[in-house]
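The values are calculated or read from the model by the stated rules, or taken from the named source; none is laboratory data. Quantities reported herein were computed from a predicted structural model and do not represent experimental measurements. Glycine gets a Cβ as well: all are built from the backbone with ideal geometry, and neighbour counts include every protein chain shown.
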Amino acid sequence: MKYQVQINHEQLPVTIVQRRGQKNLRIRLKPHAVVVSGPANLPKKELFSFVEAQMDWIKKRRGRQLERLKEMDRKKRENQGKILIRGTYVRIIPDTSVWIRKPSLSFSENKVWYTYNPDREDHQKETPEPSLLSSFYQTLATKELTEHVRKWSEITGLIPGRVSIRNQKTKWGSCSSKGTISLNWRLILCPVEISDYIIVHELCHLKHFNHSPDFWKMVAEWYPELQHAKKWLRLHSEEIFSL
Ligand SMILES: [Zn+2]
């Protein structure tokens, strides 16, 4: 049997997920479905009744979600042909003047150049492929973030054992007990003052391996605009991680 629910003016399918080991019932709203999850041995009917019982909450959440999705969609359309670098959308300039085996992206003089061969079938035209885009970001991030860590190490005297630029799915950065600082390449999409905050935050973990008051005091000493950076991250993380 297929379950559906009526939410305001739309019908959404209900996806049921059952897991051994899960004790409670949980509802998540995906863009095109309501997902309810619960224990493996519970009859499906009960999961569906739980969804029905939570309809008021779901309707309210769905309204807010639709607004957010609309806003993200509008931004995407508005910024077509541009990519986000250091907090600003920069236009991608196509370049077909040189013969090239593989499409490439480069960044110079605050412009992004997209070089491709329009005569080749296998070159996706006009917009770079997502895989090309993410490797472009990673190269740029490795170069710039490593440089910024060096700059902050000089200022603070806090020197990491190693810096690694990684593809974490949810975290901006971390610091290991061995003194390795890992930074998310997506920091290159944020304004420089925001990536600076993450760098200072992780460097301070070399001294305080926790989030104690002493740790925050040290962060605030080197980075007084701490509250502003935290607020920016709260407001923009979801969007940047979805790009
Ligand atoms: Zn931390």
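Structural remarks
- Any strands (runs of 3 or more DSSP E) falling wholly within region 13-114 and containing at least 2 residues that are aliphatic (A, V, I, L, M) and surrounded by 13 or more Cβ atoms within 10 Å (Cβ to Cβ): 26-30, 33-39, 82-85, 88-95
- ILE240 vs. criteria more than 16 Å from the ligand (Cβ to nearest atom) and either at pLDDT 95 or above or touching a Leu at 6+ places or on another chain (Cβ under 7 Å) (or both): yes
- The numbered conditions (1) closer than 17 Å to LEU145 by Cα; (2) in contact with a Pro (Cβ under 7 Å, 6 or more places away or on another chain); (3) within 13 Å of the ligand (Cβ to nearest atom) are all true for CYS175 except (2).
- Listing of helices (runs of 4 or more DSSP H) fully contained in region 146-243 that carry 2 or more residues being within 29 Å of ARG68 (Cβ to Cβ) and not assigned by TED's automatic domain parsing to the domain that holds GLN65: 192-204, 226-242
- Residue count, region 197-213 (criterion: surrounded by fewer than 21 Cβ atoms within 10 Å (Cβ to Cβ) and either among the β-branched types (Val, Ile, Thr) or more than 13 Å from the ligand (Cβ to nearest atom) (or both)): 1
- Being without any contact (Cβ under 8 Å) to a residue 12 or more places away in the chain and either among the basic types (Lys, Arg) or more than 16 Å from the ligand (Cβ to nearest atom) (or both) is a property that ARG166 lacks.
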